[in-house]
Amino acid sequence: MTITTPISTPTPSRDIPKLGNLPVISITPFLSKEDSHGRLSTAAKIHAACLEYGFFYLDICSYVDPSEPEELTRLAREFFALPEEQKGQISLKHQDHARGYAKMRENVTNGKADNHEGIDFYRPVENPDKTKPLWGENQWPTIPGFREKYEIWIEKMKNLGMLVMEAMALGLGMSSDEWEDLKGKVDDSFWVMRVIGYPPLPNDYDGFSCGAHKDYGCLTFLYTDPTPGALQVFLQEKGLLVETSDEGPVPEEGVEEGSWINADPVPGCIVCNIGEMWEIWTNGLYKSTLHRVVHRGTNYRVSIPFFFEPNFDALVKPLPAALRIIDGHPECKRKHLTGEKTYEPVVYGEFLMNKVGNNFDTDGGKYN
Ligand SMILES: O=C(O)CCC(=O)C(=O)O
Ligand SMILES: [Fe+2]
């Protein structure tokens, strides 16, 4: 691909209501190499959404048939309906404590057990060794068609990841060489796919279906069943900053600097959000946004997030294109954009190891 035309930074549109719905952006124009106007327009919309929300709906109806993820949901339901003993046969405890099934409340966020169960799959590695953190083998349910259908989805999401990265490079005004450099950091993505089952929250449950968190990687592509009112996204009020600390995300209760909005499923779309690696790449210009799940309905909800991540050994540091944008703003605005902070480089795999260690509440499941 060639990126020859750096585009000026679009300012976030003023007419998007601050606490209203998230923007809906179609990937369709980006699928055609010839449609340079459409590609630029998609890139500019993604850039604006990342500046303002860190979250957007990505309309992928021309990229995948809706029946495909619906089938994945059906297969997931079939698995979660199995007796606990059978699900436990692929427990992550039998592998590297990361790949496999985590039973209800085994996943922990902010020190509290999440009210969900799930299966995690990671990019396969050469020479797997289950005694090494993250370096074991994926464990697949034996349900007919499960692995085959999910592997097709993984391939599609990996390709979509590269497309969205290319659009983001264009949106940031990167040169061809700069894009090639960034591409080299994600072209062997250490992806993660999670299949999550959420029963409704018990009335007396002191916690969340999934506690407030930021995703730690690059791009999340979330497909969910049609259940409304479950996923919530934290939007900051303009001009006010949310106090965050090194201890973790802002408290669940009593946050006054913004509001939680529902990010209900939109037909034909996935929810796309950026993780902490994009925050580093843009030196804070794009913020990775807090989100959580509160599922109080009556049904059993299924969601399938695909995390398109950098390569395991990728060195992630602020990109010159992002720094050019920041430097192009007057000093007073710059402080507001980035908090005048310089983000420290990280090697993605090292960062991931630290994160995964905090996720599970299993004997020996912590890596740090
Ligand atoms: O299930 C959802 O809607 C969101 C899940 C999520 O945020 C995550 O797994 O990181
Ligand atoms: Fe998340």
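The values are calculated or read from the model by the stated rules, or taken from the named source; none is laboratory data. Quick caveat, the model's predicted, so the values are computed rather than measured. Every residue, glycine as well, gets a Cβ built from its backbone with ideal geometry; the counts of neighbours run over all protein chains shown.
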- Message: Restricting to the stretch 105-120, name every residue that is surrounded by fewer than 22 Cβ atoms within 10 Å (Cβ to Cβ) and within 18 Å of PRO305 (Cβ to Cβ).
- Response: GLU106, VAL108, THR109, GLU117
- Message: Given the criteria of a type in the set (D, E, K, R), modelled with pLDDT under 95, within 29 Å of PRO66 (Cβ to Cβ) and out of contact with any Asp or Glu (no Cβ under 7 Å at 6 or more places or on another chain), does ARG292 qualify?
- Response: no
- Task: Of all residues in the stretch 218-235, count the ones that are within 10 Å of ligand 1 (Cβ to nearest atom), closer than 27 Å to ILE152 by Cα and within 15 Å of the chain's Cα centre (by Cα).
- Result: 5
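Here is a yes/no grid of residues against (1) under 20 Å from TYR122 (Cα atoms); (2) surrounded by fewer than 19 Cβ atoms within 10 Å (Cβ to Cβ):
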{"position": "ASP65", "(1), (2)": "no, yes"}
{"position": "GLU70", "(1), (2)": "no, yes"}
{"position": "ARG77", "(1), (2)": "no, yes"}
{"position": "GLN89", "(1), (2)": "yes, yes"}
{"position": "ALA98", "(1), (2)": "yes, no"}
- Query: Which residues, counting only those in the stretch 17-43, are among the aliphatic types (A, V, I, L, M), assigned to a helix (DSSP H, G or I) and in contact with a helix residue (DSSP H, G or I) (Cβ under 6 Å, 6 or more places away or on another chain)?
  - Reply: ALA43
- Message: Exactly one of these conditions fails for PRO318: (1) in a loop (DSSP other than H, G, I, E, B); (2) in contact with a strand residue (DSSP E or B) (Cβ under 8 Å, 6 or more places away or on another chain). Give me its number.
- Response: (2)
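For the structure I just gave you, tell me whether ILE325 is part of a helix (DSSP H, G or I), under 16 Å from the mean Cα position of the chain (by Cα) and in contact (Cβ under 8 Å) with a residue 60 or more places away in the chain.
Working: part of a helix (DSSP H, G or I): yes; under 16 Å from the mean Cα position of the chain (by Cα): no; in contact (Cβ under 8 Å) with a residue 60 or more places away in the chain: yes.
It is false that ILE325 is part of a helix (DSSP H, G or I), under 16 Å from the mean Cα position of the chain (by Cα) and in contact (Cβ under 8 Å) with a residue 60 or more places away in the chain.
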- What tally of residues in the stretch 302-313 results from selecting those that are in contact (Cβ under 8 Å) with a residue 60 or more places away in the chain, farther than 20 Å from GLY171 by Cβ and away from ligand 1 (no atom under 16 Å from the Cβ)? 2
- Scan the stretch 315-332 and give yes if some residue there is at pLDDT below 95, touching a helix residue (DSSP H, G or I) at 6+ places or on another chain (Cβ under 7 Å) and away from ligand 1 (no atom under 16 Å from the Cβ), otherwise no. yes
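Listed here are the residues, each with its yes/no results for (1) in contact (Cβ under 8 Å) with a residue 24 or more places away in the chain; (2) among the small types (Gly, Ala, Ser); (3) more than 24 Å from GLY54 (Cα to Cα).
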residue: ASN127; (1), (2), (3): no, no, yes
residue: LEU163; (1), (2), (3): yes, no, no
residue: LEU170; (1), (2), (3): yes, no, no
residue: VAL195; (1), (2), (3): yes, no, no
residue: PRO200; (1), (2), (3): yes, no, yes
- Query: Is there any pair with a first residue in the stretch 216-231 that is under 17 Å from GLY197 (Cα atoms) and away from ligand 2 (no atom under 13 Å from the Cβ) and a second that is part of a loop (DSSP other than H, G, I, E, B) and of a type in the set (D, E, K, R) whose Cβ atoms are under 6 Å apart and which are 6 or more apart or on different chains, and what are they?
  - Reply: PRO228/ASP264
- Message: Regarding the stretch 166-183, can at least one residue be identified that is buried (at least 22 other Cβ atoms within 10 Å of the Cβ), over 22 Å from the mean Cα position of the chain (by Cα) and away from ligand 1 (no atom under 16 Å from the Cβ)?
- Response: yes
- Message: Show the residue pairs meeting these rules: Cβ distance below 8 Å; 6+ apart or different chains; first residue within the stretch 111-125 and closer than 14 Å to TRP191 by Cα and within 15 Å of ligand 2 (Cβ to nearest atom); second residue of a type in the set (Lys, Arg) and part of a strand (DSSP E or B).
- Response: ASP120/ARG194
- Taking ASP181 as meeting all but one of (1) more than 16 Å from ligand 2 (Cβ to nearest atom); (2) in contact with a His (Cβ under 9 Å, 6 or more places away or on another chain); (3) free of Cβ contacts under 8 Å to residues at least 60 places away in the same chain, write down the number of the exception. (2)
